[in-house]
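A.B. asks: I'd like to ask you about the structure that follows.
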There are 2 protein chains.
Amino acid sequence: MTADTPIRDILSAHGLRPTRQRLLAGEILFDGCNKHITAEVLHREIMARGKDSVSLATVYNTLATFTGAGLLRSVTLDSGSVYYDTNTTDHHHIYDLNTRELSDLDASDIQIKGMPVLPDGKTLDRVDLIFRVK
Amino acid sequence: MTADTPIRDILSAHGLRPTRQRLLAGEILFDGCNKHITAEVLHREIMARGKDSVSLATVYNTLATFTGAGLLRSVTLDSGSVYYDTNTTDHHHIYDLNTRELSDLDASDIQIKGMPVLPDGKTLDRVDLIFRVK
DNA sequence: GTGTTTGCAAAGTGTTTGCAATTTA
DNA sequence: TAAATTGCAAACACTTTGCAAACAC
């Protein structure tokens with residue numbers, strides 16, 4: 001899945017039907033640039049294109065669907081709203097408390113030494129490392 | 001400030017007036033055991049004591065005040081609700097996605113190697129490291 | 001056709017706020 | 001008695017949901 005893979009193909013590769021709404025969202029999300037976006041902002045960007053309208057509820061549902069399919073990764077910060085990260089590879093984040101901007105940090109730059117002993121029968125889902133700056 | 005420091009003294013040491021509501025909240029929060037508690041749960045525990053009632057809004061305000069004073073540290077997870085951690089020393093967390101239970105991880109057990117280059121003029125507020133298990 | 005997805009509006013969840021009454025120093 | 005704090009209810013921000021209509025296969 002490279003930067004110029006048609007959205008249609010990305011969707012079908014993940015078993016998702018290429019609805020008008022998902023194609024519009026996909027065009028913005030998977031344009032080759034990593035982004036951290038909230039439902040509100042994605043909705044605004046879709047509307048700003050002026051092509052067609054997509055309801056906010058559908059944007060929420062679409063983001064959840066994409067995340068479930070492994071196309072996005074969600075990051076929750078203090079602010080209350082969820083950010084969706086188009087970079088699903090192993091990496092960390094820097095969060096600016098003042099601007100509320102979230103940026104990627106390559107996983108190879110930072111190493112976590114020592115894994116905790118997980119509770120019995122539990123498996124690691126993922127590790128979140130966030131550097132909060134202000 | 002040891003485990004059996006009167007709550008009254010903890011409050012005054014941080015410039016906080018010892019109101020009935022803060023004393024009640026403090027008795028539960030600062031009993032010597034580290035805890036991760038939400039506003040709802042703290043409110044329920046205060047009410048369960050049957051001594052006196054404290055409004056939920058005041059519990060929210062009190063938790064925010066305590067956090068501002070450095071008595072608590074807040075941790076936000078996917079669930080949407082904020083956890084308040086009575087352990088304000090440097091440490092990390094394990095979060096169980098199934099039970100929604102948050103536990104401490106001693107900072108000495110895990111080391112983060114390599115600090116990111118912070119954006120110009122920005123200072124590090126804190127580092128959050130959460131191991132998500134399920 | 002059949003099951004999936006959408007849009008709307010309504011409900012839900014967790015949190016904050018305005019303001020009068022109360023309490024603390 | 002002046003300033004801080006509380007409680008209530010209402011407002012708030014973000015998200016999910018129920019259900020009929022529209023759509024994809």
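The values are calculated or read from the model by the stated rules, or taken from the named source; none is laboratory data. From a predicted model like this one, the values you see are computed outputs, not experimental measurements. Cβ placement follows ideal geometry from the backbone for every residue including glycine, while neighbour counts extend to all protein chains displayed. Ligands, DNA and RNA are stripped out before the accessible areas are found, and what is left, the full protein with its side chains, is counted by its heavy atoms. Shrake-Rupley method; radii C 1.70, N 1.55, O 1.52, S 1.80 Å.
A.B. asks: Which of B:Leu42, B:Leu23, B:Gly121 sits closest to the plus end of the dipole of the stretch B:1-126, meaning its Cα is farthest towards the positive end, when Lys and Arg get +1 and Asp and Glu get -1 on the C-beta?
C.D. replies: Of the options given, the answer is B:Leu23.
A.B. asks: In degrees between 0 and 90, to the nearest 10, how far off the longest principal axis of chain B does helix B:20-29 point, with axes built from Cα atoms?
C.D. replies: It works out to around 50 degrees.
A.B. asks: Separate question: Give, ordered by residue number, each residue of the stretch B:102-124 whose 1.4 Å probe accessible area is reduced by a minimum of 30 Å² on adding the remaining protein chains to the chain alone.
C.D. replies: For the stretch B:102-124, once contacts with the other chains are taken into account, B:Ile110, B:Gln111, B:Ile112, B:Lys113, B:Pro116, B:Lys122, B:Thr123 lose 30 Å² or more.
A.B. asks: Sticking with this structure for a sec: Nearest 100 Å², what total accessible surface is buried between chain A and chain B (probe 1.4 Å)?
C.D. replies: 2800
A.B. asks: OK, next. Taking each label point as 7 Å beyond Cα in the direction of the beta carbon, state the distances from B:Ala13 to the same residue in the other copies, shortest first, in nm.
C.D. replies: 5.7
A.B. asks: At what distance in nm do the modelled label points of B:Val75 and B:Met47 sit from each other, each positioned 7 Å from its Cα along Cα→Cβ?
C.D. replies: Going from the B:Val75 label point to the B:Met47 one covers 2.6 nm.
A.B. asks: Turning to a different aspect of this structure: Using the alpha-carbon atoms, what tilt in degrees (0 to 90, nearest 10) does helix A:39-49 show relative to the longest principal axis of chain A?
C.D. replies: Long axis of A:39-49 versus the principal axis of chain A: about 30 degrees.
A.B. asks: While we're on this one: Over chain B, with a Gaussian network built from C-alpha contacts below 10 Å, which listed residue (B:Leu63, B:Leu105, B:Leu29) shows the highest mean-square fluctuation?
C.D. replies: B:Leu105
A.B. asks: Ignoring ligands, DNA and RNA, please state the percent of accessible area on the stretch B:62-134 from carbon and sulfur, probe 1.4 Å.
C.D. replies: 46
A.B. asks: Another one. Grab the Cα-Cα distance for B:Ala64 and B:Asp104, subtract it from 0.36 nm times how many residues apart they are, and report the gain in nm with one decimal.
C.D. replies: So the chain would gain 12.3 nm between B:Ala64 and B:Asp104.
A.B. asks: Taking a label point 7 Å from Cα toward Cβ, how far is A:Met47 from its twins in the other copies, in nm, shortest first?
C.D. replies: 3.8
A.B. asks: Find every distance from the label point of A:Arg100 to the corresponding label point in the other copies (7 Å from Cα along Cα→Cβ) and write them in nm, one decimal, shortest first.
C.D. replies: Relative to the other copies, A:Arg100 has label-point distances of 2.4 nm.
A.B. asks: Follow-up question, since we're still on this one. Which one of B:Thr86, B:Ile112, B:Ala13 is farthest out on the positive end of the charge dipole of chain B, using unit charges on Cβ (Lys, Arg +1; Asp, Glu -1) and the Cα centre as origin?
C.D. replies: B:Ala13
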